[in-house]
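Have a look at the structure below before the remarks.
The values are calculated or read from the model by the stated rules, or taken from the named source; none is laboratory data. Keep in mind it's a predicted model, so treat the numbers as computed, not measured. Positions of Cβ are backbone-derived with ideal geometry, glycine not excepted, and every protein chain shown enters the neighbour counts.
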Amino acid sequence: MSVKEEKLEFEAEVLEALRSRMFRVRLDNGHEALGYVAGRMKRYRIKVFPGDRVRIELSSYDLSKGRIVYRLS
């Protein structure tokens, strides 16, 4: 059995909307990452716009891409 990989959660601000429900976000620590909308957010049609605060999960292996899991405001 494999051990499930631990995700790192950060809060971020959406800077720009890109194609295919992808967004450029700036983390609170100043780094920028590419975020894509999680499946549950797509299912419930939760919209994300530039300027919104979001919670993003990043893999410990690749800190440049992550999954947007929650829209704060």
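Please go through region 23-37 and give me each residue that is acidic (Asp, Glu) and either surrounded by 14 or more Cβ atoms within 10 Å (Cβ to Cβ) or touching a Ser or Thr at 6+ places or on another chain (Cβ under 9 Å) (or both), ordered by number.
Selection gives Glu32 alone.
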For this session: Could you tell me which residue of region 38-67 is surrounded by the most Cβ atoms within 10 Å (Cβ to Cβ), considering only residues that are β-branched (Val, Ile, Thr) and in contact with a Phe, Trp or Tyr (Cβ under 7 Å, 6 or more places away or on another chain)?
Result: Ile56
Problem set entry | Answer residue from region 1-14, given it is modelled with pLDDT of 95 or more and of a type in the set (Asp, Glu) and is nearest to Lys65 (Cα to Cα) among those | Glu9
